[in-house]
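Visitor: The structure under discussion is supplied below as structure tokens; questions concerning it will follow.
The values are calculated or read from the model by the stated rules, or taken from the named source; none is laboratory data. Small disclaimer: the values here were computed from a predicted structure and weren't measured. Cβ placement follows ideal geometry from the backbone for every residue including glycine, while neighbour counts extend to all protein chains displayed.
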């Protein structure tokens, strides 16, 4: 599928398995205040972490086709799991900038003093080719501990960012990493930055907690500059939101995480 009439005035499309990609959207808005943004939360099919590669690839393709139909000039795959399962297919299918996620292993390796970093991610992300390559590229001089975190995406999708159940899950995943001397934690899922305050509280002030959202926003800006696709206007850009989940629940949750009262439309089948 080839995008027609792509120009700088067109919006940027962003999608995730659910609301986690809003952490990336925040950074995109900060880096590109004049751009119009389209966001799709595939909450009706979240989490992706326990789905097959074929299913994730199919959903990612369908959502990208929807964003292209809305004249998106670039697509940000704001989901580590979807990146691992589908980004190669998306880049072969769509002739436009496709910006993908990568766990912030490189900056973590540069930051660590203990030589041990922990990566909190979904099981599928940790088992994917992208992470295996990151491990091989940066794991020679440091110890990289992958920690699968089942249940955390569901807690964020439920809007529970600091409750007892969320704290218990995080303690189960974070404390063993600290016991193994990890002094840097990588948030390898876009849902997890919304849990960063609680993760930092559990880990303590001497442990660094980092994610890759700001780096993705910078890469998006670079790609738009190279393609002469940056919006040329002074006024603030707009945001539009869609969900494959229940729209009433999505409106409440997205408004909570976006920190504004917004409307959420139903994603067409």
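Visitor: Quick one: residue 103 ticks every box in (1) within 16 Å of residue 14 (Cα to Cα); (2) modelled with pLDDT under 95; (3) touching a strand residue (DSSP E or B) at 6+ places or on another chain (Cβ under 6 Å) bar one, so which box is it?
Guide: (1)
Visitor: Against the condition closer than 27 Å to residue 51 by Cβ and surrounded by fewer than 17 Cβ atoms within 10 Å (Cβ to Cβ), how does residue 149 come out, does it pass? So that I can check it myself, show each step before the final result.
Guide: Numbers: closer than 27 Å to residue 51 by Cβ: yes; surrounded by fewer than 17 Cβ atoms within 10 Å (Cβ to Cβ): no.
Taking the combined requirement at face value, the residue does not satisfy it.
Visitor: Quick one: which residue in 193, 176 is out of contact with any strand residue (DSSP E or B) (no Cβ under 6 Å at 6 or more places or on another chain) and at pLDDT 95 or above? Before you say what the answer is, go through the steps one by one.
Guide: Numbers: 193 fails: out of contact with any strand residue (DSSP E or B) (no Cβ under 6 Å at 6 or more places or on another chain).
Being out of contact with any strand residue (DSSP E or B) (no Cβ under 6 Å at 6 or more places or on another chain) and at pLDDT 95 or above holds for just one of 193, 176, which is 176.
Visitor: As an exercise: evaluate residue 133 against (1) in contact with a helix residue (DSSP H, G or I) (Cβ under 9 Å, 6 or more places away or on another chain); (2) without any contact (Cβ under 8 Å) to a residue 24 or more places away in the chain and give the number of the one condition it does not meet.
Guide: It is condition (1) that residue 133 fails.
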